[in-house]
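Each remark here refers to the structure printed beneath this line.
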Amino acid sequence: MKAYWIAHVDVTDSQQYGGYTERAPTAFAKYGGVFLARGGRAQALEGRATPQRNVVIEFESYQQALACYNSPEYQQACSYRQGAAVAEVIIVEGCAP
């Protein structure tokens, strides 16, 4: 069953955050992640204010999404995000068709 990686990000240091955005796609590609939404227009209709960046990535399975997050490639990319952004990352299992 497919799974979705949902990230809400507020960037505080765009120069340092660039190191993350240069490296993270390598991990996503290795684990079969497909971007469904990446930035673009967004509007919060309920709850907290709209984050600067909203990202949705589809994976073939929940296990693949978790493996990507925990991979050395992604964790190395995350080291560039630390101190450069406030991020929420959630992995959600999809519904059966």
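The values are calculated or read from the model by the stated rules, or taken from the named source; none is laboratory data. All values derive from a computational prediction rather than experimental measurement. As a convention, Cβ positions derive from the backbone with ideal geometry for all residues, glycine included, and neighbour counts pool all protein chains shown.
Within the stretch 80-91, restricting attention to residues that are touching a residue at least 40 places away in the same chain (Cβ under 8 Å) and more than 16 Å from Phe28 (Cβ to Cβ), which residue is farthest from the chain's Cα centre (by Cα)? Outline the logic, then answer.
Pass one, the stretch 80-91, residues touching a residue at least 40 places away in the same chain (Cβ under 8 Å): 80-81, 83-91.
Imposing the further condition that a residue be more than 16 Å from Phe28 (Cβ to Cβ) reduces the set to 83-86, 88.
Details: Gly83: 16, Ala84: 15, Ala85: 12, Val86: 12, Glu88: 8 Å.
Per the criteria, the residue is Gly83.
Within the bounds of the stretch 43-63, is there any residue that is part of a helix (DSSP H, G or I) and more than 11 Å from the chain's Cα centre (by Cα)?
yes
Report whether or not Ala67 is in a helix (DSSP H, G or I), in contact with a Phe, Trp or Tyr (Cβ under 9 Å, 6 or more places away or on another chain), surrounded by 18 or more Cβ atoms within 10 Å (Cβ to Cβ) and at negative phi.
Against the criterion (in a helix (DSSP H, G or I), in contact with a Phe, Trp or Tyr (Cβ under 9 Å, 6 or more places away or on another chain), surrounded by 18 or more Cβ atoms within 10 Å (Cβ to Cβ) and at negative phi), Ala67 does not qualify.
Could you say whether any residue in the stretch 30-46 is acidic (Asp, Glu) and either modelled with pLDDT under 95 or closer than 28 Å to Pro97 by Cβ (or both)?
yes
Across the stretch 64-77, what is the total count of residues that are in contact (Cβ under 8 Å) with a residue 12 or more places away in the chain and closer than 13 Å to Trp5 by Cβ?
8
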